[in-house]
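Asks: First the structure, which I've put down as structure tokens, then a few questions once you've had a look.
The values are calculated or read from the model by the stated rules, or taken from the named source; none is laboratory data. Please read these numbers as outputs of a predicted model, since none were measured by experiment. Note that we place each Cβ from the backbone using ideal geometry, even for glycine, and neighbour counts take in every protein chain shown. Keep in mind that these areas ignore ligands, DNA and RNA; they rest on the heavy atoms of the full protein, side chains included. Shrake-Rupley method; radii C 1.70, N 1.55, O 1.52, S 1.80 Å.
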Amino acid sequence: MWRYIIKRILLVFVVILGVLIIIFILSEITPGNPAARLLGTEASMEEIEAKAESMGLNDPVIVQFGRYVFNFVTKLDLGQSYTTRQPVWGELMTRYPYTLTLGLLATALAILIGVPLGVLGAIKQYSVRDTVIVFLALVLMSIPNFWFGILCINTFSVKLKWLPPAGTGTWYHWIMPVVILSLGGMASLIRVTRSSMLDTIRMDYMRTARAKGQKESVVIIRHGFRNALIPVVNAISAQMSVVIGGTVMIESVFALPGIGKYMTDAVTALNWPAVRGGVICLAIAFSILNLIVDLIYVAIDPRLISRYNGVRGREIRKLKKEMAQARAAHAKEVNG
Amino acid sequence: MVEKNIQNNETVLEVDDLVVHYNTEEGVAEAVNGMSFTLHKGETLGLVGETGAGKTSVALAIMGLLPVPPSQIIRGSIKLNGEELVGKKNKEMRSIRGDKIGMIFQDPMTSLNPVMSVGDQIAEVIRLHENISKGEASVKAGKMLEKVGIAADRYKEYPHQFSGGMKQRVVIAIALACNPNILIADEPTTALDVTIQAQVLELINDLKKDYGTSVILITHDLGVVAETCDRCAVVYAGEIVESGSLEDIFLHAQHPYTKGLFGSIPRLDVIVERLHPIKGLMSDPMTLPEYCSFYDRCDHACEECKQGEPACMEVSPGHIVRCRLAHPEAMKPESWEKGQA
Ligand SMILES: Nc1ncnc2c1ncn2[C@@H]1O[C@H](COP(=O)(O)OP(=O)(O)O)[C@@H](O)[C@H]1O
Ligand code: SF4
Ligand SMILES: [Mg+2]
């Protein structure tokens, strides 16, 4: 178990290093002189040359990469933004909470509504309730976020004046962005939970649980739901990448100062250090979320760890031991 | 009833004229058609019949676990220690299931929850019916594991870490954990290797004796019946076509279907030219005739058999045959002597 967990944590570092390499190569091959961009249009050639030298831009690429990683790891230094001349890390940190709040709230809402609806549909398959839930999932799935966002602003902010159209400040500001961002995930969670529950409801162990005299609700939750969870957790983790992508668009529609907005601005301004930093931050968040999901898997399904190192590993070790003993006995016989 | 080993025994379960239908889109499947039988204390009753004969449906009806819809108990009664079970509220049935009646299912590979440790699965049923703490239930579950021949220190292991035979042992432990009056074993060995089958049957037999449990053993294997049962009922198309003691069924079978079942078993002691499996297919429960259900497959069928359902005849004490051709075993004095002793 611990072997798996440690291995899985190490994998996070490998993934982040991989992302760093790719991002670094990409920004290397994009045109433009960082020193010139930092100093602005009025700087002379000499000034730019001096700045480039001090920034180490004349060193071999591998050295630059090493320095970039070193600075990031030791000083959390991701370079300076071309547009504001401020350290990228600091700018990201002021924006991170917005994206994180938006993403986590949207994911939580999708789970809290999608999963119970899926279960409720499945336990009464083909009932009116189930039909309504399936239809709802279909509608939610086909709503385009961007269009729906504008529509909502129009209705709830402009016409009804219930909710603020954009910006931050109160928790009212979060309602529309979070709800809209959660819809796609909610739809897919309804569908996945429902079909996964339908599969487990038919399983023999559900009947065994009923044969014990267990209450139907407990049979469904303790025996059915826990088994149905594996595909659901899978869907949640897939959904998180969609949500992270979705924050970029939602943040622009609702003018939320998060990382998504920061990155769209940075891309339009060709502000590479900022883009690079943003991508790295998202990659880290993403790796950690995936790590958590994988650990949840392990907690739900005991078969995963066994498949990894359990029964077979034990058998193989035993076999190896027996073979060694046989070999030793054979050697003894030959020699003795 | 004058049969020796039954005489003094009280009746634990009495099924009377039970009719179970499944209402499906394709039509009504008449799975159980007026089955009646009794189970006495400490006895093992075998229910034998081909797949689709309605054996599982009877078992589920007794447990109150028939899936509704599509199934429906049309009529009949099921009495446990004199108490009527048909029509009982689900809540009342819950206190009976697992406590008074335990059940073992056909496929041990799928009857256990894969994400729950085997010990916890046993402890669950104990906690439901006995007013004891979690810790005490665990201790008891551990003892139950030992009883079925699994080391108690495997309590925390999961079903995938056990072989098929071991899983069936766990299922047996669950079924017997609360010391039920009745154990229903629905083809408990069908899914197991032949070598394991004997062990599991032996275990059921031993535990049954220890606990004084009455057992309904459902099987399609007459060999299993011969080894473990006291009495046997042959089920065809939802009806009991012949029932009686092992001797009645194995030595003096009268129903053509029962005889056919024996004809389709390979025998080692007698050299037979070829096996004689019963011709034709199992009757379709959707289209059962008004007359004898076995008519289409019967070698002795004649016009007379089409005149309605054949009546049950008690050809010797406790030996009941549902066939027009059934005749009293008057010429068999040894069975009479035995019966009246
Ligand atoms: N869930 C169900 N839905 C519809 N029909 C069923 C269902 N279960 C059983 N049946 C019908 O009942 C008949 C008897 O089935 P079953 O009791 O499982 O027999 P056995 O256990 O002897 O093989 C089957 O032939 C089938 O047509
Ligand atoms: S009643 Fe007729 S058809 Fe039915 S089993 Fe007896 S002989 Fe055969
Ligand atoms: Mg069956």
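Asks: For region A:150-209, what does the relative contact order come out to in percent, with C-alpha contacts under 8 Å and a separation of six or more?
Replies: Numbers: 20 pairs, mean separation 8.7, N = 60.
Rounded, it is 14 percent for region A:150-209.
Asks: Counting only protein heavy atoms and rolling a 1.4 Å probe, how much accessible area do A and B lose on contact, total for both sides, in Å² to 100? Before the final figure, lay out the partial values.
Replies: On the way: alone 19580 and 16740 Å², together 34130 Å².
Buried surface at the A/B interface: approximately 2200 Å².
Asks: Would you mind calculating the relative contact order of region A:97-311 from Cα pairs under 8 angstrom and at least 6 residues apart, reporting the percent as a whole number?
Replies: Numbers: 246 pairs, mean separation 55.2, N = 215.
About 26 percent, as a whole number.
Asks: Taking H placed 1.01 Å from N in the peptide plane, check which residues at least 5 places from B:Gly46 or on another chain put their amide H under 5 Å from its amide H.
Replies: Here B:Leu217, B:Asp230, B:Arg231, B:Cys232, B:Ala233 satisfy the definition.
Asks: So if I place +1 on the C-beta of Lys and Arg and -1 on the C-beta of Asp and Glu, and nothing else carries charge, what would the dipole magnitude of region A:1-112 be about its Cα centre? I want it in debye, nearest 20.
Replies: Value, rounded to 20: 820 debye.
Asks: Now for a different question. Under a 1.4 Å probe, what is the accessible area of region B:110-179 per residue, stated in Å²?
Replies: Working: 2640 Å² over 70 residues.
Solvent-accessible surface per residue comes out at 38 Å².
Asks: At 1.4 Å probe size, what's the solvent-accessible area of B:Lys79? Round to the nearest 10 Å².
Replies: Near enough 80 Å² of accessible area.
Asks: Determine, from the Cβ-Cβ distance of A:Lys124 and B:Leu65 and an R0 of 30 Å, the FRET efficiency 1/(1 + (r/R0)^6), rounded to the nearest 0.05.
Replies: Computed FRET efficiency for A:Lys124 and B:Leu65 comes out at 0.95.
Asks: Whenever you get a sec, line up A:Arg85, A:Arg276, A:Arg95 from highest to lowest accessible area (probe 1.4 Å, protein heavy atoms).
Replies: On the way: A:Arg85 110, A:Arg276 40, A:Arg95 70 Å².
Greatest to least solvent exposure: A:Arg85, A:Arg95, A:Arg276.
Asks: Can you tell which of A:Ile280, A:Leu109, A:Ser217 lies farthest toward the positive end of the dipole of chain A, using +1 and -1 charges on the Cβ of basic and acidic side chains (Lys, Arg; Asp, Glu)?
Replies: A:Ser217
Asks: Considering only DSSP beta bridges where both residues belong to the protein assembly as shown, give the percentage that are antiparallel (nearest 5).
Replies: 65
Asks: Taking a 1.4 Å probe, which of A:Lys320, A:Lys215 shows the most accessible area, and what order do the others take after it?
Replies: Descending order: A:Lys320, A:Lys215.
Asks: Now, a different point. Please work out how much accessible surface B:Cys302 shows to a 1.4 Å probe, ignoring ligands, DNA and RNA, in Å² rounded to 10.
Replies: The accessible area comes out at roughly 50 Å².
Asks: Okay, moving on. Could you rank B:Asp153, B:Asp193 by how accessible they are, 1.4 Å probe, largest area first? Display every interim value, and only then the final one.
Replies: Numbers: B:Asp153 130, B:Asp193 105 Å².
If we order B:Asp153, B:Asp193 from most to least accessible, we get B:Asp153, B:Asp193.
Asks: What accessible surface, in Å², does a 1.4 Å probe find on A:Trp174, ignoring ligands, DNA and RNA and rounding to the nearest 10?
Replies: 50
Asks: Tell me which residues come under 5 Å, amide H to amide H, from B:Val12 once H is placed; ignore anything under 5 positions away on its chain.
Replies: HN-HN under 5 Å from B:Val12: B:Leu39, B:His40, B:Lys41.
Asks: Of A:Leu20, A:Leu319, A:Leu229, whose Cα points farthest to the positive end of the dipole of chain A (charges on the beta-carbon: +1 Lys, Arg; -1 Asp, Glu; origin at the Cα centre)?
Replies: Looking along the dipole axis, the top candidate is A:Leu319.
Asks: Let me ask another. At 0.36 nm per residue, minus the direct Cα-Cα distance, what do A:Val63 and A:Leu151 gain on full extension? Give it in nm, one decimal, please.
Replies: Roughly 26.6 nm would be gained on extension.
Asks: With springs connecting C-alpha atoms under 10 Å apart, model chain B as a Gaussian network and identify which of B:Gly102, B:Gly149, B:Gly238 has the largest mean-square fluctuation.
Replies: Largest GNM mean-square fluctuation: B:Gly149.
Asks: Right, next: Using 0.36 nm times the number of residues separating A:Lys215 and A:Asp265, minus their current alpha carbon distance, what extension gain do you get?
Replies: 12.4 nm
Asks: In the protein assembly as shown, how does Rg compare with the Kirkwood Rh, expressed as the Rg/Rh ratio over alpha carbon atoms? Kindly include the intermediate steps, with their values, before the conclusion.
Replies: Numbers: Rg = 35.9 Å, Rh = 31.1 Å.
With Rh from the inverse mean 1/r over Cα pairs, Rg/Rh is 1.15.
Asks: Under a point spin-label approximation (7 Å from Cα along Cα-to-Cβ), what is the A:Ala326-B:Asn23 distance to one decimal in nm?
Replies: With each label placed 7 Å out from Cα toward Cβ, I get 6.4 nm.
Asks: Right, another one. What lysines could a cross-link reach from A:Lys318, if we take a straight Cα to Cα line under 25 Å and drop same-chain neighbours fewer than 8 places away?
Replies: A:Lys7, A:Lys332, B:Lys156, B:Lys167
Asks: Now for a different question. Using the alpha-carbon centroid of each, what span in Å lies between region B:63-108 and region A:209-241?
Replies: 25
Asks: Just the number, please: Stokes-Einstein D of chain A in µm²/s, Kirkwood Rh from C-alpha pairs, 25 °C, 0.890 mPa s.
Replies: 102
Asks: Where the accessible area of the protein assembly as shown is counted over protein heavy atoms with a 1.4 Å probe, how much of it, in %, is carbon and sulfur? Display every interim value, and only then the final one.
Replies: Details: 20870 of 34130 Å².
About 61 percent, which is the carbon plus sulfur part of the accessible surface.
Asks: I want to check the label-to-label distance for A:Glu42 and B:Tyr291. Put each point 7 Å from Cα in the C-beta direction and report it in nm to one decimal.
Replies: Computed distance between label sites A:Glu42 and B:Tyr291 equals 11.4 nm.
Asks: Go through region B:138-155 residue by residue and turn each phi into a ³J(HN,Hα) via Karplus (6.51, -1.76, 1.60, θ = phi - 60°); whole Hz please, and just put x for glycine and proline.
Replies: 5, 4, 5, 4, x, 5, 4, 4, 4, 4, 8, x, 10, 4, 5, 6, 8, 3
Asks: Looking at A:Leu189, A:Ile300, A:Met45, which one has the Cα that reaches farthest to the positive end of the dipole of chain A (charges on Cβ: Lys, Arg +1; Asp, Glu -1)?
Replies: My answer, from the dipole projection, is A:Ile300.
Asks: Label points 7 Å out from Cα along the Cβ direction at A:Ile300 and A:Glu53: separation in nm?
Replies: 6.0
Asks: Given bins 5 angstrom wide, list per bin the percent of all Cα-Cα distances in region B:110-179, short to long.
Replies: The distribution over region B:110-179 is 3, 21, 34, 26, 13, 3, 0, given as percents.
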